[in-house]
Amino acid sequence: MRDKPGSGRQASRSLFAPVRVWRALESRPTGRRRLYFGSARSTGMSLVRRALLVAALVTAVVGVFALDRNGLRDSVDGHVSIADVVYFALITITTVGYGDIVPVTTTARLIDAFVVTPIRLVVWAIFFGTAYQFIAQRIIEDIRMRVRQASLRDHVVICGFGHGGRSAAGELVRRGEDPAHIVVIDQSESALLDAAEGGMVGLRGDATRESVLRDANVGNARSAIVCLGRDDTTVLSVLSIRTLVSDLRVVAVVKEAENEHLVQQSGATATICPSTVSGILLANSVTSSRIASYVYDMLTVDGRVTLSERIATGGDIGRRPADLDGGIALRIHRGEQVIGFWEQEVRVEAGDRLIVLAPRPGADRSDATAQPPNRQPGTRNGPAR
């Protein structure tokens, strides 16, 4: 990881074929959904369920009237056939009611009042619900987005919800971040549904577009994490963020180490190259069985020790880096100067930024042999050989 000081400023004719219609529906999020707060069902499956339910209800009405055909009268020919029953059932459910066929017996009228009427209401509810889902939802969603934007302040924007984005979001939540204050931008509906299930806000779109970043209210965010999986896309996203806000802290993941300086030049405050970091840990693990495990222990919230950055407080002033209450200042950043804890004559001064290693609150000796609960494969070390 590199942290650059001060850079934080810087359809076709064949669409009517059933298979093509199905694929077209499956390829679109419900109602062109852009904002995700919870799970959404497939549009095609939703339509199939509703169509089957309406067909079942209509069949039930036809069946009830067919069993009581003697209770109906046809003013045209006086005979009620099965076709007449189907016709009467449909115009009754849709409330058209031409009056050519009417219930004349008490039983037929009671069936119409207490069986058909509730079914009619259910069918209309399905029709109105479908109209909302495919017509009104976008309008309402735009309103919800504006309301959501107005309430977003001091949040974290995560561009890309692949493995890296998910891991970062999970660690933020474990560190106490409110999931509702994490906005995820991605073009994958499944990824956004996963984010919404975790309580986060999902926004469907291209993280390199300024309009999408504005929808995420990046101008009022506390920081942004860019992990899009490609360095060229990462550069474009960082540049777009910098166009909108100059002083936001932007952390970017770099796939190739040779592109790290390009991402920094585009305006990233800090860059992380997983391949470089993992290579260093692999090299250390050749001769040590504990270094990689201890580094992981320091960086995760579940470890026995915590590594944090903070401003020097009144109780720190005048003390040696190794003598702070509850921790050790491994490094002091004083302007452009970097000071190690081993330098004997150094004392903490007001305005210093400290990198502090401290025990995790609640950790005790019984944790010494325990592995952190969320330790990932590859960082667990076996006995030295």
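The values are calculated or read from the model by the stated rules, or taken from the named source; none is laboratory data. Computed from a predicted model, the values in this text were never measured in an experiment. Heads up, the Cβs are rebuilt from the backbone with ideal geometry, glycines too, and the neighbour counts pull from every protein chain shown.
Among the listed residues Glu177, Glu210, identify the single one that is closer than 30 Å to Arg360 by Cβ and either surrounded by 14 or more Cβ atoms within 10 Å (Cβ to Cβ) or at pLDDT 90 or above (or both).
It is Glu177.
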Test result for Leu25, modelled with pLDDT of 50 or more and either under 30 Å from Arg148 (Cα atoms) or under 27 Å from the mean Cα position of the chain (by Cα) (or both): no
Does Thr95 satisfy the criteria of being within 24 Å of Trp124 (Cβ to Cβ), exposed (fewer than 13 other Cβ atoms within 10 Å of the Cβ) and of a type in the set (Ser, Thr, Tyr)? yes
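Got a number for residues in the range 174-222 being outside any loop (DSSP other than H, G, I, E, B) and not polar (S, T, N, Q)?
Residues meeting the conditions: 28.
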Which residues, taken from the range 234-246, are surrounded by 17 or more Cβ atoms within 10 Å (Cβ to Cβ) and either among the polar types (S, T, N, Q) or within 15 Å of the chain's Cα centre (by Cα) (or both)? Thr234, Ser237, Ser240
If you go through the range 316-329 one residue at a time, do you hit one that is over 27 Å from Arg174 (Cα atoms), over 37 Å from the mean Cα position of the chain (by Cα), among the hydrophobic types (A, V, I, L, M, F, W, C) and not assigned by TED's automatic domain parsing to the domain that holds Ser237? yes
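Residue-by-condition table, conditions (1) charged (D, E, K, R); (2) at pLDDT 90 or above:
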{"residue": "Val250", "(1), (2)": "no, yes"}
{"residue": "Ser288", "(1), (2)": "no, no"}
{"residue": "Ser293", "(1), (2)": "no, no"}
{"residue": "Thr300", "(1), (2)": "no, no"}
{"residue": "Arg304", "(1), (2)": "yes, no"}
{"residue": "Gln337", "(1), (2)": "no, yes"}
Selection count, the range 183-192, where residues are surrounded by fewer than 23 Cβ atoms within 10 Å (Cβ to Cβ) and either modelled with pLDDT of 90 or more or over 18 Å from Asp215 (Cα atoms) (or both): 4
Could you check the range 154-173 and list, in sequence order, the residues that are assigned to a helix (DSSP H, G or I) and buried (at least 21 other Cβ atoms within 10 Å of the Cβ)? Gly165, Ala169
Residue under question is Ser246, and the condition is that it be assigned by TED's automatic domain parsing to the domain that holds Asp215, small (Gly, Ala, Ser) and assigned to a helix (DSSP H, G or I); does it hold? no
Checking Val277, Val253 in turn, the sole residue that is in the same structural domain as Ala169 (by TED's automatic domain parsing), among the β-branched types (Val, Ile, Thr) and closer than 23 Å to Gly229 by Cα turns out to be Val253
